[in-house]
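Worksheet for the structure shown next.
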Amino acid sequence: MDRQENTQKMMDHWVSRSDNDYETMNHLMQSKDYHWALFIGHLVIERLLKAAVVKNTGDHAPLTHDLRRLAKIAGIEADEEQKYFLDAISSFNINARYDDYKQDFYKKCTKDYALMWIVNIQKLREWIKTKL
């Protein structure tokens, strides 16, 4: 397999995982598991950005969950609103995962809060896919 085929295979892997996570996020919203839906929403964006890193660098994506950092490594220029969304969505990874933050995050994750962020995740998802 040549380098271009390998790069495409890595990109396809990340996009496929992101698409699967997108379905899971929507199922979690339907089952009212809002904090987990947002956690998975973070993975939706993270994996698309990792696909963009692979596409634009030809190398493996770094082991990080920091969405803004991944966008920068991928060479994706984000406006101020998108940077804010990337930072906020990055926090869902920490807040849903670690006990110190989990209870506060769980309380914050009302249906309205989760729906607002799901819409933002969907917007970012569509935008990042245009970069692939």
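The values are calculated or read from the model by the stated rules, or taken from the named source; none is laboratory data. Not measured: the values here are computed from a predicted model. Cβ sites come from the backbone with ideal geometry, for glycine too, and all protein chains shown count toward neighbours.
Structure summary
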| item | result |
| --- | --- |
| Residue in the stretch 65-73 that is of a type in the set (A, V, I, L, M), farther than 12 Å from LEU124 by Cα and surrounded by fewer than 21 Cβ atoms within 10 Å (Cβ to Cβ) present | yes |
| Subset of the stretch 94-117 that is part of a helix (DSSP H, G or I) and surrounded by 19 or more Cβ atoms within 10 Å (Cβ to Cβ) - its residue that is modelled with the lowest pLDDT | ALA96 |
| Filter result (more than 18 Å from THR64 (Cβ to Cβ) and either in contact (Cβ under 8 Å) with a residue 40 or more places away in the chain or of a type in the set (Lys, Arg) (or both)) within the stretch 5-25 | THR7, LYS9, VAL15, TYR22, MET25 |
| When residues of the stretch 52-98 are limited to those that are among the hydrophobic types (A, V, I, L, M, F, W, C) and out of contact with any helix residue (DSSP H, G or I) (no Cβ under 7 Å at 6 or more places or on another chain), the one farthest from LYS108 (Cα to Cα) | LEU63 |
| Hits in the stretch 74-91 (condition: touching a residue at least 12 places away in the same chain (Cβ under 8 Å) and either exposed (fewer than 12 other Cβ atoms within 10 Å of the Cβ) or part of a helix (DSSP H, G or I) (or both)) | ALA74, GLN82, LYS83, PHE85, LEU86, ASP87, ALA88, ILE89, SER90 |
| Residue match in the stretch 32-46 (condition: surrounded by fewer than 16 Cβ atoms within 10 Å (Cβ to Cβ) and either among the charged types (D, E, K, R) or in contact (Cβ under 8 Å) with a residue 24 or more places away in the chain (or both)) | yes |
| Lone qualifier among ARG68, ARG125 - being in contact with an Asp or Glu (Cβ under 7 Å, 6 or more places away or on another chain), assigned to a helix (DSSP H, G or I) and either of a type in the set (D, E, K, R) or on the phi > 0 side of the Ramachandran plot (or both) | ARG68 |
